[in-house]
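Written below as structure tokens is the structure these notes are about.
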Amino acid sequence: MRIRLKEADEQMIRELERNSAFTWEGMTLDEDNLHEVAHIFEDEKLVKNDTEEICGYFWYGNVMNRLYNLHGDNRYSDDLPFLSFERNCFDGSGNLFVFKMEIGARWLDDIVRNNAEKEADRQR
């Protein structure tokens, strides 16, 4: 299996947020890391056996800051990479939930909600 990357525009990021995409913050987006992630997905049986390719979407902190109006210490570094996968890429078993916690990934809607709460607290 391999991972094909696409740069997400703001509309796609909002769609990934609505669909609670599996998301890593800060992962290096080079071929070696992507190859390793693909092997982990296979080894952990997170994708269907016949999956040859899944699409990952990436963007950077500057886009998150602008899109979600993040300021101060709630801002991301402009060059911090985000990598998301739509949940329909995975096999639907509970393994993804456990794996997500083990590696420190999160659902994109949780990331956005946590940032919104921090912004609200910051403005009080």
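Every read-out reported here was derived from the displayed coordinates using simple, explicitly stated rules and does not represent laboratory data. If you're wondering where the values come from, they're calculated on a predicted model, not measured in any experiment. For neighbour counting, all protein chains shown are included, and Cβ atoms are generated from backbone atoms with ideal geometry for every residue, glycine included.
Couple of notes before you dig in:
- Simple label model, 7 Å out from Cα along Cβ direction - Asp78 to Lys100, nm: 3.2 nm
- In degrees, nearest ten, helix 31-43 long axis to first principal axis of the chain (Cα): 60 degrees
- All alpha carbon pair distances within the chain were sorted into 10 Å bins beginning at 0; the resulting P(r) in whole percents reads 13, 45, 31, 10, 1, 0.
- DSSP bridge pairs, the chain: antiparallel proportion in percent, nearest 5: 65 percent
- Proportion of all alpha-carbon pairs of the stretch 20-82 beyond 17 Å (%): 50 percent
- In Hz, Karplus ³J(HN,Hα) per residue of the stretch 111-117 (6.51, -1.76, 1.60; θ = phi - 60°; x = Gly, Pro): 4, 5, 4, 4, 5, 5, 5
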